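> Starting off with a structure, shown below.
Just so you know, all these numbers are worked out from the coordinates, no wet-lab data involved. It should be emphasised that the depicted structure is a prediction, and the values quoted were computed from it without experimental measurement. Note: ideal-geometry Cβ built from the backbone for every residue, glycine included; neighbour counts use all protein chains shown.
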Amino acid sequence: MLPERLRVLYLHGFASSPRSRKATFFEERLKSIGFDVDIPDLAQSDFRGLTISGQIRLLDGLAGREPVILIGSSLGGYVGSLYAARYPERVSKLILLAPAFHFADLWKSELPPEQLAAWRENGTISVYHYGEGRCMPIGYQLIEDATRFEPSPDFRQPALIFHGNQDRSVPVQFSIDFAGSHPDAQLVCLESGHELTDVLDRIWERSEKFLLEGRLAN
């Protein structure tokens with residue numbers, strides 16, 4: 001039996017914000033069916049100093065004593081997975097949207113070696129921040145910190161994972177591999193890219209059923 005009201009933490013993606021399209025989409029629909037929703041700024045107004053460790057600490061402070069449901073997009077999905085693996089008693093379910101498993105390796109495979117070396121030497125690199133609508137610097141500590149974490153977190157809570165077959169940022173195979181070794185994880189592959197904004201209604205249809213499973217009146 002689940003509590004009458006459940007709390008959801010929505011974790012936005014890299015270079016995104018609490019007001020992203022997916023964040024506001026989920027916020028509106030979750031509240032319409034009685035869920036409490038928090039959408040933190042995972043960068044804590046310091047995008048340049050962003051780290052995985054810092055996001056996990058923020059999440060730990062927000063989660064509280066009662067189990068929460070985590071919904072995470074891309075990097076937010078990876079951070080939520082790391083947290084769920086470390087604190088299973090604090091997370092009841094997860095919904096992951098193109099989770100950025102193997103986050104550090106993705107960066108290293110995307111950037112040429114000379115660009116990675118320049119980033120390390122200079123301390124920052126300029127990337128486009130979708131939430132701000134402009135290019136902003138991000139520190140190399142992001143990669144240094146990310147390499148300390150496992151590429152694919154071994155959490156065991158029930159999970160619903162959505163991933164686009166045409167995702168060019170995070171290979172869908174990462175989610176396929178995870179679901180194949182975790183019986184409580186349901187994977188839904190969609191004909192879409194990394195953003196998944198063109199299939200949000202389909203995502204919500206499955207998500208609502210998943211969220212409401214077992215939610216019975218006492």
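> In a GNM of the chain with a 10 Å cut-off on Cα contacts, which of 170, 79, 127 has the highest mean-square fluctuation?
With Cα springs under 10 Å in the chain, the top fluctuation among 170, 79, 127 is at 127.
> Ordered by packing density, taken as the mean number of other Cβ atoms within 10 Å over each peptide's residues, highest first, how do 136-148, 152-164, 179-191 rank?
Highest mean packing first, the order is 152-164, 136-148, 179-191.
> Can you list the trypsin sites (Lys or Arg not before Pro) in the stretch 9-99 that are in a DSSP coil and have 11 or fewer other beta carbons within 10 angstrom? The partial results should precede the final answer.
On the way: sites: 19, 21, 22, 29, 31, 48, 57, 65, 86, 90, 93; in loops: 19, 65.
Sites meeting the loop and neighbour criteria: 65.
> On to the next question. What lysines sit close enough to residue 108 to cross-link, taking a C-alpha to C-alpha distance under 30 Å and skipping anything fewer than 8 places away on the same chain?
22
> Run the numbers for residue 206 and residue 24: contour at 0.36 nm per residue of separation, minus the present Cα-Cα distance, in nm.
63.8 nm
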